[in-house]
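Any read-out appearing in this document is the output of simple, stated calculations on the displayed coordinates, not a laboratory observation. Values in this document were obtained by computation on a predicted structure and should not be read as measured data. Glycine also receives a Cβ, built like all others from the backbone with ideal geometry; neighbour counts cover every protein chain displayed.
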Amino acid sequence: MLLTVVKYGTPVLRQKGARIDAVTPKIQQLAADLLETMYASKGIGLAAQQVGLALQVTVVDVRGVTDRPSSLEIDGQAVDVSILMPLVLINPEVKPARDTKDATGPEGCLSFPEIFADITRPAVVDVKALNERGEPLQFRCGGLLARAVQHETDHLHGILFIDRMDRATKDQLRPELELLQAETKALLKNIS
């Protein structure tokens with residue numbers, strides 16, 4: 001089922017998601033709905049907060065992006081990224097890989113239509129989570145996949161990509177951000 005992607009200014013985007021104690025059919029349906037909504041919105045990631053739910057569930061699929069490579073290692077072995085796609089992460093824990101450097105690259109967000117900026121993040125991360133079947137998942141990723149996983153995991157903690165922007169970029173985007181926030185708040189006021 002297609003869900004509505006909430007925009008910047010919606011309070012749930014700033015909420016830390018509740019941990020999932022059990023992967024129930026309801027959580028599995030949410031993951032499927034997140035994927036359907038992400039694909040329909042032409043995104044590569046979507047978190048539960050972006051559809052109005054403060055839960056620790058996010059989805060990622062970077063297969064459609066060919067100009068920004070990704071890397072994936074499982075048990076120390078390099079594998080094709082597509083074997084994990086689409087990726088459902090429940091209660092993810094993401095840490096920079098040992099000896100990784102930071103990388104700066106472009107990011108956008110479905111909750112911030114038409115707003116893009118270069119964001120600096122660790123280039124390689126180690127990820128632990130549960131998948132959509134409640135099974136443990138552990139891997140190391142780099143490139144676009146690492147960026148997407150970090151961006152979506154931030155959402156699960158109420159952190160937005162604008163919080164990771166340098167001051168000059170955020171100042172430059174301030175008029176667009178303020179307009180989006182005002183439009184969202186006006187819409188929310190009309191609904192309530």
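Just a few scattered comments:
- Measuring r between the beta carbons of ASP171 and MET1 and using R0 = 45 Å, the FRET efficiency lands at 0.70.
- Cα-based reach from LYS16 at 18 Å (exclusive), listing aspartates and glutamates while leaving out same-chain residues under 8 positions away: GLU93, GLU152, ASP154, ASP163
- Rounded to 0.05, the FRET efficiency of the ILE83 and ALA18 pair, given R0 = 25 Å and the Cβ-Cβ distance, is 0.25.
- Projected label points at ALA40 and GLU135, each 7 Å from Cα along the beta carbon direction, are separated by 2.9 nanometres.
- Taking the convex hull of Cα positions in the stretch 119-162, its mean projected area over all directions (nm²): 3.4 nm²
- Kirkwood hydrodynamic radius computed over the chain comes to 17.0 Å, based on all pairs of distinct alpha carbons.
- Panel order for SER82, SER71, by other beta carbons found within 10 Å of each beta carbon, from fewest to most: SER82, SER71.
- Of all DSSP-defined beta bridges confined to the stretch 11-191, some 95% are antiparallel rather than parallel.
- The base-10 log of I(q)/I(0) for the stretch 59-132, evaluated at q = 0.23, 0.24, 0.28 Å⁻¹, reads -1.48, -1.53, -1.47 [Debye formula, identical scatterers on Cα atoms, solvent excluded].
- Sum of -39500 (n - 2.57) over DSSP H runs of 4+, divided by residues of the chain (222 nm, nearest 500): -9500 deg cm²/dmol
- Residues ARG98, ARG174, sorted so that the one with the fewest Cβ neighbours within 10 Å comes first: ARG98, ARG174
- Taken along its principal axes, the alpha carbon cloud of the stretch 113-191 reaches lengths of 42, 34, 18 Å, longest axis first.
- Listed pairs LYS7/LYS170; LYS7/LYS95; LYS128/LYS170 exceeding 25 Å between Cα atoms: LYS7/LYS95; LYS128/LYS170
- Inter-label distance for VAL65 and GLU178, nm, one decimal - labels placed 7 Å from Cα along Cα-to-Cβ: 3.0 nm
- Fewest-first ranking of ASP166, ASP33, using other Cβ atoms within 10 Å as the exposure measure: ASP166, ASP33
- Stretching ILE191 away from ALA103 to a fully extended chain increases their span by 27.6 nm, per 0.36 nm per residue minus the current alpha-carbon distance.
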